[in-house]
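The values are calculated or read from the model by the stated rules, or taken from the named source; none is laboratory data. These figures come from a predicted structure and were not determined experimentally. So basically every Cβ, Gly included, is an ideal-geometry build from the backbone, and we count neighbours across all protein chains shown. Quick note on the areas: whole protein, heavy atoms, side chains included, nothing else; ligands and nucleic acids left out. Shrake-Rupley method; radii C 1.70, N 1.55, O 1.52, S 1.80 Å.
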Amino acid sequence: AAFCAQNRLAPQCITAAATLENGEQVFRVVEVMPKFPGGDAELLKFIAKNVKYPQESQDNGEQGRVICSFVVTKDGTLTNYKVLRGISPALDQEAVRVLQMMPRWTPGTQRGEPVAVKYTVPITFKLQ
């Protein structure tokens with residue numbers, strides 16, 4: 001379901017992706033997207049610092065990008081971790097493990113109110 005309203009400054013599209021177990025609506029696009037503490041640069045640093053390349057994956061020459069999604073709830077906690085596009089079970093598990101370690105985010109807002117937002121993050125595994 002999508003709803004688009006024309007605003008004099010810019011069109012605002014509100015896309016409802018799904019609902020959480022508590023019935024809370026989950027959005028894909030909102031006026032203010034959720035933020036990792038410190039912004040995107042800090043998010044990338046956090047991922048780089050905490051990813052541990054599984055030895056089995058290194059030995060098998062597995063590399064590439066694991067695309068994951070999760071929901072940032074109204075209070076900034078993270079839930080509903082999913083691998084959208086994986087590489088191997090070991091790398092997929094590692095990507096989700098790191099995401100589950102993340103601190104609380106600043107929630108996204110729509111019309112000034114905090115809302116649950118689905119967020120997608122790529123995690124790249126590259127052999128040196």
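Here are a few things to note about the model shown:
- When segment 47-87 is limited to residues that are open to solvent by 90 Å² or more (accessible area, probe 1.4 Å) and either basic (Lys, Arg) or assigned to a loop (DSSP other than H, G, I, E, B) (or both), the one that is farthest from Val26 (Cα to Cα) turns out to be Asn60.
- Count of residues meeting criterion [in contact with a Pro (Cβ under 6 Å, 6 or more places away or on another chain) and among the hydrophobic types (A, V, I, L, M, F, W, C)] in segment 27-67: 1
- Pro122 meets the conditions (1) out of contact with any Cys (no Cβ under 9 Å at 6 or more places or on another chain); (2) exposed (fewer than 14 other Cβ atoms within 10 Å of the Cβ) in every case but one. The failed one is (1).
- Some residue of segment 73-87 being over 19 Å from the mean Cα position of the chain (by Cα) and at negative phi: no
- Restricting segment 88-112 to residues that are over 16 Å from the mean Cα position of the chain (by Cα) and free of Cβ contacts under 8 Å to residues at least 12 places away in the same chain, the residue that is surrounded by the most Cβ atoms within 10 Å (Cβ to Cβ): Pro89
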